[in-house]
Structures are given as structure tokens and as C-alpha cells.
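A quick write-up on the structure given underneath.
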Amino acid sequence: MRSHAILLVLLAVGCSKEPPTTTGTPSATPLAPVIPVASSRATSLPTDHFTTTKGDLAVTPLNHASVLFEWHGQTIYVDPTTPALADAALPKADVVFITDIHPDHLDPPALERIRKPGMVIVGPQAVADKTHVDTVMKNGDTRNVGDVVATAVPMYNLKRGPEAGKLYHDKGRGNGYELDFGGTRVYLSGDTECTPEMKALEKIDVAFVCLNLPYTMPPSEAAECVAAFKPKVLFPYHYRGSDLAELDHDLAGKGVEIRKRAWYPATP
């Protein structure tokens, strides 16, 4: 009787039309390799995605001037600060770019929060004078940092400063950055006014451009520069207190997509 029961079970399984559950890797070769990307998707932070020749580029606005890029298995931060890293689920860093010495850009405790073995810090000499920097870049330099091709772009004030004869940001002290992610070019302005160097940028896919008086520039001046170099997508950032509606007006019909993101916590 027991043998008969076992036989009936085996016959029932064999006649089942449900396919077996596969837990391993399919034997078929995928049409294109899937490149794993370190992800912050466990966080509640919204992320934009862009196509590159080496897979998806995930861009997560964090806070004020802090941005997270995840691409080709690398986690890359620009100007990480303690407020920007409030989400404990944010990943450790492979590369960190720092633009300037002010505390909303250079925050040593934040660097320790995301540090892991082999992390590379990139910044200008003024930053290296205050904290450890692995790769020092001056305005105009181009370096391969991991798989990213980075170019340091001048960022500086033309006329605004704390008093007559002084500027908030002197030319040559800080770096904006142009980052090439497998042919997709991203520009981060750092703290700057509308400089000739920004107007002269070419073939920028994604731009992060600052606003914020009195330290950088108003929306009208930012729009003047953006209209000159025409990125495909613009993320206004570092804009605390600025009226972004002015950008909509001044850039209407210029062929630039403006993406406004929540860089500042909502006021209760």
C-alpha cells in the first residue's frame, strides 16, 4: 500500500503543468550585461536616472550642495555634509569630490561617516590644506578618477564679497567639476557667479548650477549662464531662499529641462 501511494504522488507531480521554480542563474546568455550599481534605493530619497555607455547613472540630490552619484559599481559623492547624510541607509563612498573650504562643502565628520577602505578624496589645494586629499586638482586639470574623467572648472565671484575689495570666493581657490560618466557629461558649478568659463562649457548633458545671494548669484544671472552653455537637464541647487520661478521664466523656450528637487527639509 505504501509503495502504491508513493507511485500515485510521483505520477501527480509528473503531470503538473506548473513550471519548476528557478532559483539559480538562467543558462541563457543575456543580450547585454547587467552592471551592478551600489544603491541608495533602500532610502526614501528620490533618484533620477540617466543612460551612459557603461550602464545606468543614478543621481540622488541630498541636501543644499550635496549630491550622490551611483554608476558602474561606484558610489561617488560631491560635497557630502552631515545634514546630507542623515539617512543611515546611504552607502559608503568610493570617491568624494570637494569643491571648496566652506563648511557647506567641506565637512570632515561627514567624510568619516562614508569612509571605507580605498576611498579617494578629490579637491583643490585649499581643501588639502585643511584635510586629507588623495588627488589635488587645480582649475583646468583633468584626471581619471576610477572610471570617471574629471575636469576642474574655475568657480569664483566676479563682484560679490563681504566688503569692498574682497570676494566670497577667490578665483583659483575652489573647483567646480565636469564629470564624464561613460560619455554622459555632468557639470557641478560649486559656489560661483556667471563666469566666462561656465558660459564656455560645451556638450553638457546634466548641470547642477548654484543660486543663493549674497554668496553666489540670483536666478537671473544663473539663467544667463545656463542659456549660454545649454545643458540638456538643469538641476538648480544651493538655492536656499531663491525664487526658482524666475528660472522658469528666464529659460522658457531655451531648450533646457529644469528639474526641481527637494534639497531642503520641509519646515514643520
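The values are calculated or read from the model by the stated rules, or taken from the named source; none is laboratory data. None of these values were measured; they are calculated from a predicted model. Reconstructed Cβ throughout: ideal geometry from the backbone, glycine too, with neighbour counts over all protein chains shown. Surface areas here come from the heavy atoms of the whole protein model, side chains and all, with no ligands, DNA or RNA. Shrake-Rupley method; radii C 1.70, N 1.55, O 1.52, S 1.80 Å.
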_I'm told R143 meets every condition in (1) over 19 Å from C225 (Cβ atoms); (2) open to solvent by less than 50 Å² (accessible area, probe 1.4 Å); (3) of a type outside the set (V, I, T); (4) in a strand (DSSP E or B) except one. Can you identify the failing condition by its number?_
(2)
*What number of residues in segment 116-140 are of a type outside the set (G, A, S) and in a strand (DSSP E or B)?*
5
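Per-residue answers, yes or no, for (1) within 22 Å of M198 (Cα to Cα); (2) in contact with a helix residue (DSSP H, G or I) (Cβ under 6 Å, 6 or more places away or on another chain); (3) among the hydrophobic types (A, V, I, L, M, F, W, C):
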| site | (1), (2), (3) |
| --- | --- |
| P103 | no, no, no |
| R115 | no, no, no |
| T131 | no, yes, no |
| T142 | yes, no, no |
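Can you find a residue that is within 30 Å of T51 (Cβ to Cβ) and either touching a Phe, Trp or Tyr at 6+ places or on another chain (Cβ under 7 Å) or among the hydrophobic types (A, V, I, L, M, F, W, C) (or both) anywhere in segment 161-171? Spell out the reasoning first.
Here is the first cut: in segment 161-171, the residues within 30 Å of T51 (Cβ to Cβ) are none.
No, there is no match, as no residue in segment 161-171 is within 30 Å of T51 (Cβ to Cβ) and either touching a Phe, Trp or Tyr at 6+ places or on another chain (Cβ under 7 Å) or among the hydrophobic types (A, V, I, L, M, F, W, C) (or both).
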*Residues being assigned to a loop (DSSP other than H, G, I, E, B), surrounded by 13 or more Cβ atoms within 10 Å (Cβ to Cβ) and not small (G, A, S): count how many of those fall in segment 85-115.*
16
*Out of segment 84-101, which residues are at pLDDT 95 or above and out of contact with any helix residue (DSSP H, G or I) (no Cβ under 6 Å at 6 or more places or on another chain)?*
A84, L90, P91, K92, A93, D94, V95, V96, F97, T99, D100
_I want to confirm something. Restricting to segment 119-140 and keeping residues that are open to solvent by 70 Å² or more (accessible area, probe 1.4 Å) and of a type outside the set (D, E, K, R), which single residue is farthest from L188 (Cα to Cα)?_
H132
_N175 vs. criteria in contact with a Phe, Trp or Tyr (Cβ under 7 Å, 6 or more places away or on another chain), of a type in the set (S, T, N, Q) and open to solvent by less than 30 Å² (accessible area, probe 1.4 Å)_ = no
_Failed condition for E224, given (1) in contact with a Cys (Cβ under 6 Å, 6 or more places away or on another chain); (2) of a type in the set (D, E, K, R); (3) more than 20 Å from E197 (Cα to Cα)_ = (3)
